[in-house]
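Okay, structure first, notes after.
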Amino acid sequence: MAILSLTAASRPGRFLPSFRMPTFNKSLVWFRRDLRLFDHAALYHALRQSRQVYCVFIFDRAILDGLPRRDRRVEFILDSVIELSQELRSKGGRLIVRHADATKEIPALAEQLGVDAVFVNRDYEPHAVSRDAMVADELRGAGRQLLAFKDQVIFETDEVLSQAGKPFSVFTPYKNAWLKKLHLAGDDFFLKAYPVETYCTRLANPPPSVCGDMPALADMGFEKTNLSALGMPTGMSGAETLLREFGSRVNQYHTARDFPAVKGPSYLSVHLRFGTVSIRGLARKAVDAMRLQGCNGSATWLSELIWRDFYFMILYFHPHVAERCFKPEYDAIPWESGEQAQMLFNAWCTGATGYPLVDAAMAQLNETGYMHNRLRMVTASFLIKDLGIDWRSGDRYFAERLNDFDLSANNGGWQWAASSGCDAQPYFRIFNPITQSQKFDAEGKFIRRYLPHLSSLPGKYIHAPWLAPAPVLQQAGLVLGRDYPLPVIQHDAARLATLSRYAVVKKVPIPASDE
Ligand SMILES: Cc1cc2nc3c(=O)[nH]c(=O)nc-3n(C[C@H](O)[C@H](O)[C@H](O)COP(=O)(O)OP(=O)(O)OC[C@H]3O[C@@H](n4cnc5c(N)ncnc54)[C@H](O)[C@@H]3O)c2cc1C
């Protein structure tokens, strides 16, 4: 592979790499999932090493052509690219935007602009790795380089290993080693922002013929979604707003984060996905808050950011997880298939299982593209361990619907729920969708928000409406089977079926209870 992979951030002198990076006359920065103009590794290095720097974003047909025509992510990206373009103009540069196949467009553009090198932030997803390898080969054929930098994570690939030099497969020791590495180097070393602004005068203005216009959604074959109606903040400014809001409640994160009706988490995942916020900036804030306030909320939140690095690392060392179980013996599990399974899967997708918390969660996903973390665990467990359906079907559905879809975190989450992943929950741990609902949405506030037809049901019955006496249902104006489905399965029976389904991997005795 011809990508010059620079892990400048992992060696002494993060801003002055110990080897000599060449200097260039003209360079091109290719923005991908890093749609910001501050603390940006590739942009910083390009500006620092070049006399003139052009910037490009490609709406990559290789990705876009396979998406549904109404996709909030495309709209989120477009809004964020528009903001990026405006910011770049205000700093004297210009964003070239194309709707094309990136593997062809980048080498062609590099030729047209006569650049010596293309700078990118490293992308770890398998399709991105092969795309970048193709681009690097094309560029090299024309005497140009593709320079790739760490930017998306704090520690990448093999930067955090066990004492034996092996990749971790359990989170807690990984997290301890991660924290140790951060603190030993002095937090500033890994978390300091790249001072892009220092060299902004080197941003170049390409000829108008190269720039082209910003494509509209319709130009790319997409329709408008409900993104703006949802009031979802996009771009760098949107991330900043969310971060400011979260700053005032981070102290309560560890106690509030599990309750979907409460504004507990940061809602920054889509911004991390598309890089409108810097992971270094977020980790810096968490570390500072921990130091200043000794705050449990920040420590728990930092842990979540470390989970993110952890799953990136797992995907890097075990790319097979994208298709198969992390633990190979789990590939022998006999999943349900056929018409009945398809019917159950459809009920899950559309939020019609008869279990209100599961259905409300799926409604949240379908209506907004976001799902609360606790509910991702509940719905994933329900699909796998109540309906007996292969985790890959759920993983794919989430991949289509989540605004923040990230192969590594999504796969990690699904394999955790299926017990087939690294450091996953044991296979005999099965969420009870009723007790989860009673525990985490006790008053049914979240359920009522997404399933308004259940709103008149008293709290006592909102978690399992089929247990409500007939007069209660009548009073609530609810006919089960007409206004809201009867449960598609019976949890206790499903739990037993799952325990025998998982017998193929059984290594330890099965405890009697579920959660
Ligand atoms: C089945 C399943 C699928 C998931 N799919 C995704 C996905 O496609 N993309 C995604 O970003 N997260 C995924 N997660 C992890 C988690 O649910 C989301 O990151 C979180 O809900 C996003 O909301 P937030 O930004 O408000 O999170 P916060 O609670 O504010 O957390 C801050 C950030 O930490 C990271 N993070 C938090 N929890 C996890 C985790 N368990 N694993 C990895 N990173 C984490 C995310 O980047 C998140 O934005 C999944 C979890 C499960 C159980």
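Side notes on the structure shown:
- With contacts taken as Cα pairs under 8 Å at a separation of at least 6 residues, segment 31-159 carries a relative contact order of 31 percent.
- Bridgeable lysines around K91 (alpha carbons under 27 Å apart, same-chain partners fewer than 8 residues away excluded): K26, K150, K192, K285.
- Partners of K166 within straight-line reach, counting lysines whose Cα lies under 20 Å from its Cα and excluding those fewer than 8 residues away in the same chain: K175, K180, K181, K327.
- Cα shape, segment 166-262, gyration tensor, a/c 1.5 rule: oblate
- Cα gyration tensor, segment 91-243 - rounded (a/c under 1.5), prolate or oblate: prolate
- For segment 253-262, 3J(HN,Hα) per residue [Karplus equation, 6.51 cos²θ - 1.76 cosθ + 1.60, θ = phi - 60°, Hz, x = Gly/Pro]: 3, 5, 9, 9, 5, 8, 10, x, 7, 9
- Remark on Q425: its backbone amide H falls under 5 Å from those of S419, a criterion applied only to residues 5 or more positions apart or on other chains, H modelled at 1.01 Å from N.
- Summed side-chain charge close to R249 - residues other than R249 whose Cβ falls under 12 Å, Lys, Arg +1, Asp, Glu -1: +2
- 0 to 90° range, to nearest 10: angle between helix 339-349 axis and the chain longest Cα axis: 70
- In Hz, Karplus ³J(HN,Hα) per residue of segment 237-242 (6.51, -1.76, 1.60; θ = phi - 60°; x = Gly, Pro): 5, x, 5, 5, 4, 4
- Potential extension, H318-A442 segment - 0.36 nm per residue separation minus Cα distance: 40.7 nm
- Solvent-accessible area assigned to carbon and sulfur over the chain amounts to 54 percent, based on a 1.4 Å probe.
- Rounded to the nearest Hz, the phi-derived 3J(HN,Hα) couplings of segment 124-133 under the Karplus curve 6.51 cos²θ - 1.76 cosθ + 1.60 (θ = phi - 60°) are 9, 6, x, 5, 6, 4, 6, 4, 5, 5, where x marks glycine and proline.
- Entry note, the chain: the mean residue ellipticity at 222 nm calculated from DSSP H runs of n ≥ 4, each adding -39500 (n - 2.57), is -13500 deg cm²/dmol after division by the residues and rounding to the nearest 500.
- Each label was represented as a point 7 Å from its Cα along the Cα-to-Cβ direction; for R89 and W335 these points are 4.7 nm apart.
- Added length on full extension, which subtracts the Cα-Cα distance from 0.36 nm per residue, A133 to S248: 37.1 nm
- Between F59 and R98, H99, A100, the built amide H atoms are under 5 Å apart, and every one of these is 5 or more places off in sequence or on another chain.
- In summary, the chain shows an alpha-carbon radius of gyration equal to 1.03 times the 2.2 N^0.38 Å reference for compact globular proteins.
- Dipole magnitude (debye, nearest 20) for segment 20-98, charges at Cβ of Lys, Arg, Asp, Glu: 280
- Tilt relative to the chain, helix 296-317 - C-alpha long axis, 0 to 90 degrees, to 10: 70
- With Cα atoms, 0 to 90° folded angle of helix 171-184 axis to the chain main axis: 30
- Think of a 1.4 Å ball rolled over the protein heavy atoms: the chain then has 41 Å² of accessible area per residue.
- Net charge of neighbours whose Cβ lies under 12 Å from the Cβ of A347, counting Lys and Arg as +1 and Asp and Glu as -1: -2
- Distant-in-sequence amide contacts of V29, defined by a placed amide H-H separation under 5 Å and a gap of 5 or more residues or a different chain, comprise Y54, C55, V56, F119.
- Alpha-carbon centroid distance for the pair segment 416-434 / segment 63-139, whole angstrom: 38
- Theoretical gain in end-to-end length, E197 to D288 [0.36 nm per residue, Cα-Cα removed]: 30.4 nm
- Cross-link partners of K460 among lysines, defined as those whose alpha carbon lies under 26 angstrom from its own and excluding same-chain residues fewer than eight positions apart: K263, K385, K439, K445.
The values are calculated or read from the model by the stated rules, or taken from the named source; none is laboratory data. Quick caveat, the model's predicted, so the values are computed rather than measured. When we count neighbours, we look across all protein chains shown, and the Cβ atoms used for this are built from the backbone with ideal geometry, even at glycine. Quick note on the areas: whole protein, heavy atoms, side chains included, nothing else; ligands and nucleic acids left out. Shrake-Rupley method; radii C 1.70, N 1.55, O 1.52, S 1.80 Å.
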